[in-house]
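One structure below.
The values are calculated or read from the model by the stated rules, or taken from the named source; none is laboratory data. Model, not experiment: these values are computed from the prediction. Cβ placement follows ideal geometry from the backbone for every residue including glycine, while neighbour counts extend to all protein chains displayed.
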Amino acid sequence: MSTVETFRRLLEWDEALLVAVGRLHRPLMTRAMRAVTNLGDAQSLTFLGLVLLLADTTQTRHLGWMLLLGSGGAALLAQVVKRLSKRRRPNVGIQGFTALVQNPDAFSFPSGHTAASVALAVAWAGEGSGLGLLASTFALLVGFSRVYLGVHYPLDVMAGATLGLTAGVLARLVG
């Protein structure tokens, strides 16, 4: 099988998995996924980081810096890759497909929400009080919400998670 054929099949699998997740849609689940995805956007994470920076304790300020470095770096990196790859969103790439929320921009690959939330999870790993586990659970939910809501393909989320892992590790090294 040629590389082109393998890539074509991978994209077919990606689309099929997105459509399969769409069969899970239920009103309560949709409301929950919208809330999760809104908490995982750049504005929400930046706000949380700034609040932590303004706190009275050294530990809290450290967590704020880690969040801003990791999530901010991941979101920036994701935007650069989006502009280079120019993969169309599912509602544009799949005829008759409708997303459950408005697309934040024109391009799909990689998921910036996922990149930022995974970076947060990695940056906070081992910081105590179960923050790493909480942030990891949050990152999984954010990634799933992006596919569930129909604004990203599963491969977009996987690529975003990879970028987030890289940015989170760099934030831990710097922080």
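For (1) of a type in the set (Val, Ile, Thr); (2) modelled with pLDDT under 95, each residue gets a yes or a no:
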| position | (1), (2) |
| --- | --- |
| Phe7 | no, yes |
| Ala35 | no, no |
| Leu45 | no, yes |
| Thr58 | yes, yes |
| Trp65 | no, yes |
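Only one residue in Ala55, Ala20, Ala78, Ala32 is among the aliphatic types (A, V, I, L, M) and either in contact with a Pro (Cβ under 9 Å, 6 or more places away or on another chain) or within 15 Å of Asp156 (Cα to Cα) (or both). Which one? Show your work before the answer.
Values: Ala55 fails: either in contact with a Pro (Cβ under 9 Å, 6 or more places away or on another chain) or within 15 Å of Asp156 (Cα to Cα) (or both); Ala20 fails: either in contact with a Pro (Cβ under 9 Å, 6 or more places away or on another chain) or within 15 Å of Asp156 (Cα to Cα) (or both); Ala32 fails: either in contact with a Pro (Cβ under 9 Å, 6 or more places away or on another chain) or within 15 Å of Asp156 (Cα to Cα) (or both).
After ruling out the rest, the residue left standing is Ala78.
Looking only at residues that are hydroxyl-bearing (Ser, Thr, Tyr) and touching a Lys or Arg at 6+ places or on another chain (Cβ under 8 Å) in region 109-132, which one is farthest from Val92 (Cα to Cα)? If you could, list the steps in order and put the result at the bottom.
First, pick out the residues of region 109-132 that are hydroxyl-bearing (Ser, Thr, Tyr): 111, 114, 117, 129.
Pick out the ones that are also touching a Lys or Arg at 6+ places or on another chain (Cβ under 8 Å) and you get 111, 114.
Numbers: Ser111: 16, Thr114: 21 Å.
So the residue we want is Thr114.
Return the only residue of Val169, Val118, Val122, Val142 being over 12 Å from Thr37 (Cβ atoms), touching a residue at least 24 places away in the same chain (Cβ under 8 Å) and within 10 Å of the chain's Cα centre (by Cα).
Values: Val169 fails: within 10 Å of the chain's Cα centre (by Cα); Val122 fails: within 10 Å of the chain's Cα centre (by Cα); Val142 fails: over 12 Å from Thr37 (Cβ atoms).
Step by step, each of Val169, Val118, Val122, Val142 is checked, and only Val118 is over 12 Å from Thr37 (Cβ atoms), touching a residue at least 24 places away in the same chain (Cβ under 8 Å) and within 10 Å of the chain's Cα centre (by Cα).
Which ones in region 95-108 are touching a strand residue (DSSP E or B) at 6+ places or on another chain (Cβ under 9 Å) and part of a loop (DSSP other than H, G, I, E, B)? Quick ask: steps written out before the conclusion?
Taking region 95-108 first, the residues touching a strand residue (DSSP E or B) at 6+ places or on another chain (Cβ under 9 Å) are 106-108.
Selection gives Ala106, Ser108.
When residues of region 15-49 are filtered for being in contact with a Ser or Thr (Cβ under 7 Å, 6 or more places away or on another chain) and of a type in the set (Val, Ile, Thr), how many remain?
2
Mind listing whichever residues of region 109-136 are surrounded by fewer than 20 Cβ atoms within 10 Å (Cβ to Cβ), assigned to a helix (DSSP H, G or I) and small (Gly, Ala, Ser)? First the steps, then the outcome.
Filtering region 109-136 for residues surrounded by fewer than 20 Cβ atoms within 10 Å (Cβ to Cβ) gives 125-134, 136.
Then keep just the ones that are assigned to a helix (DSSP H, G or I); that gives 131-134, 136.
Answer for region 109-136, where residues must be surrounded by fewer than 20 Cβ atoms within 10 Å (Cβ to Cβ), assigned to a helix (DSSP H, G or I) and small (Gly, Ala, Ser): Gly132, Ser136.
Within region 34-55, which residues are of a type in the set (A, V, I, L, M, F, W, C), assigned to a helix (DSSP H, G or I) and farther than 17 Å from Leu134 by Cα?
Quick first cut of region 34-55, residues of a type in the set (A, V, I, L, M, F, W, C) only: 35-36, 39, 42, 45, 47-48, 50-55.
Next, only the ones that are assigned to a helix (DSSP H, G or I) stay: 35-36, 39, 42, 45, 47-48, 50-53.
Selection gives Ala42, Phe47, Leu50, Val51, Leu53.
Any residue at all in region 55-70 that is within 24 Å of Met29 (Cβ to Cβ) and of a type in the set (Phe, Trp, Tyr)?
Taking region 55-70 as the starting set, the residues that turn out to be within 24 Å of Met29 (Cβ to Cβ) are none.
No, region 55-70 contains no residue that is within 24 Å of Met29 (Cβ to Cβ) and of a type in the set (Phe, Trp, Tyr).
Using the structure shown, decide if Asp56 is more than 12 Å from Gly175 (Cβ to Cβ) and in contact (Cβ under 8 Å) with a residue 12 or more places away in the chain.
On the way: more than 12 Å from Gly175 (Cβ to Cβ): yes; in contact (Cβ under 8 Å) with a residue 12 or more places away in the chain: no.
Here the answer is no, as Asp56 does not meet what is asked.
Looking at Leu10, Leu68 in this structure, which one is of a type outside the set (Lys, Arg) and touching a residue at least 60 places away in the same chain (Cβ under 8 Å)? Can you show your working first?
Numbers: Leu68 fails: touching a residue at least 60 places away in the same chain (Cβ under 8 Å).
The conditions single out Leu10.
Determine, yes or no, whether Arg83 is surrounded by fewer than 19 Cβ atoms within 10 Å (Cβ to Cβ), at pLDDT 95 or above, part of a helix (DSSP H, G or I) and of a type in the set (Lys, Arg).
Working: surrounded by fewer than 19 Cβ atoms within 10 Å (Cβ to Cβ): yes; at pLDDT 95 or above: yes; part of a helix (DSSP H, G or I): yes; of a type in the set (Lys, Arg): yes.
In short, yes.
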